[in-house]
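This report concerns only the one structure given below.
The values are calculated or read from the model by the stated rules, or taken from the named source; none is laboratory data. Just so we're clear, the structure is a prediction, and the values are computed from it rather than from any experiment. No Cβ is skipped: glycine too gets one built from the backbone with ideal geometry, and neighbour counts run over all protein chains shown. The area values use the complete protein model at the heavy-atom level, side chains included, leaving out ligands, DNA and RNA. Shrake-Rupley method; radii C 1.70, N 1.55, O 1.52, S 1.80 Å.
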Amino acid sequence: MVSTLIIVIGAVLSLFLVWEILRSGMPEIRSLDDWERKKHEVDLVALRILLEPSEERFLRESLSPVHFRRLQRARCRVALRVLELVEDNAAMLIKLGHLARVGANPALAKQADELISRALRLRVDLLFVQAYLWLKWFFPGWMISVPALEMPYEELLGYLSQIRQQRQWDIQRKPVPT
């Protein structure tokens, strides 16, 4: 009975995870110009400071417990909002990757596949970091460290830049109809 319950809970959590990663509701992206207009500007340096354990230790030692908890909750809210923006951008990059694959040459298709897989991996990682931040928000006095998040966000933007350059080359290479 207990093992059945564990399996059912695991299945429900797995379905939720898949739904959370693949859900839509993002702005419609049809081109690189759409991306430029709709992307969110994200300050990754500020996010790293918000998640830095040494910063948290400094604040814990410098502030009274009441002020620390209040500030810690505010820091968690800001970090969660920044992670939401990163998650939205990753979803848009997945859509751009799918668009880049349409009619693409093999080199561009490979870059687009890499963009898609890394953006999906980032979205999965973000779910775990968000769960830790919610725990820190509910229990600000706990000494839980947010798991190290490898932020491949800059790498994703690098792949997008390569795709953009490849697309420009393909457009210039096509013969002009006369």
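Things worth noting here:
- Under a model in which nothing but the beta-carbon of Lys, Arg (+1) and Asp, Glu (-1) is charged, the stretch 14-144 shows a dipole of about 320 debye around its Cα centre.
- 143, 92, 1, ranked by accessible area, largest first (probe 1.4 Å): 1, 143, 92
- Relative contact order of the stretch 46-149, defined on C-alpha pairs under 8 angstrom at six or more residues apart (%): 33
- The stretch 31-134 - percent of accessible surface contributed by carbon and sulfur, probe 1.4 Å: 58
- Anisotropy class of the stretch 47-90 from Cα gyration tensor, a/c 1.5 cut: oblate
- Listed peptides 42-49, 8-15 by packing density, highest first (mean Cβ within 10 Å): 42-49, 8-15
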